[in-house]
1. Given 259, 229, 213, which one is in contact with a strand residue (DSSP E or B) (Cβ under 9 Å, 6 or more places away or on another chain) and over 29 Å from residue 444 (Cα atoms)?
2. Only one of these conditions is not met by residue 243: (1) surrounded by fewer than 14 Cβ atoms within 10 Å (Cβ to Cβ); (2) touching a residue at least 24 places away in the same chain (Cβ under 8 Å). Which number is it?
3. List the number of the failed condition for residue 223; all other conditions in (1) surrounded by fewer than 22 Cβ atoms within 10 Å (Cβ to Cβ); (2) in a strand (DSSP E or B) hold.
4. Just the residues that are in a strand (DSSP E or B) and either surrounded by 21 or more Cβ atoms within 10 Å (Cβ to Cβ) or touching a helix residue (DSSP H, G or I) at 6+ places or on another chain (Cβ under 8 Å) (or both), please, taken from the stretch 150-163.
5. Given (1) modelled with pLDDT of 95 or more; (2) surrounded by 19 or more Cβ atoms within 10 Å (Cβ to Cβ), where does residue 147 come up short, assuming only one miss?
6. What single numbered condition from (1) at pLDDT 95 or above; (2) out of contact with any strand residue (DSSP E or B) (no Cβ under 7 Å at 6 or more places or on another chain) fails to hold for residue 421?
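The values are calculated or read from the model by the stated rules, or taken from the named source; none is laboratory data. Since we're looking at a predicted model, the values are computed, not measured. Virtual Cβ from ideal backbone geometry, glycine too; neighbours counted across all protein chains shown.
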């Protein structure tokens, strides 16, 4: 009996360790030399780029290059630099609410003197960290981290996003109903610039899900909502930016709404292109590319997991544990799978998205740890599917077509790197999803065709 008890406690401890190691946020800095990764245990780990032997041709003599039958390429190689405990679990005694230490977002701050500054946040508190090199004689250089500022007690609801401004002085933080503007040097004061909280909470129709500053114009910011709208506001118009300058709305999605269609329309992530003209947004079913000059509809829509798309018309519903739903079914209905997604809360999963530095390629995640990559103007909306795994499983080829080899991701933390020039199977959406394996977080290198993505507690890198 004692052995069983000890084994049970050991298994519980192992499971808890795995849970706190799950990656919940990541981001490259502006140079692409550093990658920050946050996890559920409140830790932030920083990786630093270390170039391989064939990073650049300039270090090899011309005679040697002429003898080679291949062109040396830039191989991504990142190594562990440092880590620190950003947040600890807390308890709000006024609301009798536990505040978990999970890192929701990490954002790098632009600094002119070469120092590394990074913002990290959990549900309630944002912290500014400084990472400084410490040189010790006859020993390896080490990095020290110090918390410079803590921005707290400004959000009634959970913080879902933070974004640094191009002026290098301010940043915004957003929760479900409000967006606050902060100065990096002032932690005790912020300005509420957007307030969507109605006087009567029963009149609430949408919430804020994501907010981002424009990459060039410091007075513009955009935020997405649970109704699928993207609003662009100009902070010069008024102190409280309740009136949007531009509203991006998918005209094709107008019409009769149902319970499930409203849930899947919620925007989970969005990113500006480098020039600020385009916005890439992700909802549960689609990846959409928006042109700031055309607000009536997105310029491109990429469907992510069509096998989960409901093939039905919802006639009536009632939101409770045993919903009374009347349906008009079609022969290929996938309703029961959709109900399963709702019952296990998978339909509320928030998938991230990212763009390449040139703005021509887009990436997002899906179930079964699948990474989906699309290219603008490539002639096909199916894109490329890559499994984020050390040993990816090839998807079955259902048609007599030229055999393609799947590009694989490599495990960054263990030092596995594999080149991915070959086209991958883009696939057919008729595969069965593993809902327990989901690729939620990813980031694209600002200059190279390099994507870092997280599957559970593992960090992978795809390089083309």
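1. 259
2. If we test residue 243 against (1) surrounded by fewer than 14 Cβ atoms within 10 Å (Cβ to Cβ); (2) touching a residue at least 24 places away in the same chain (Cβ under 8 Å), just (2) comes out false.
3. Unmet condition: (1).
4. 151, 161, 162, 163
5. (2)
6. Every condition holds for residue 421 apart from (1).
One line per residue, one yes/no per condition, for (1) surrounded by fewer than 19 Cβ atoms within 10 Å (Cβ to Cβ); (2) in contact with a strand residue (DSSP E or B) (Cβ under 6 Å, 6 or more places away or on another chain); (3) at pLDDT 95 or above; (4) assigned to a strand (DSSP E or B):
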residue: 76; (1), (2), (3), (4): no, yes, no, no
residue: 81; (1), (2), (3), (4): no, yes, no, yes
residue: 94; (1), (2), (3), (4): yes, no, no, no
residue: 107; (1), (2), (3), (4): no, yes, yes, yes
residue: 124; (1), (2), (3), (4): no, yes, yes, no
residue: 131; (1), (2), (3), (4): no, yes, no, yes
residue: 137; (1), (2), (3), (4): yes, no, no, no
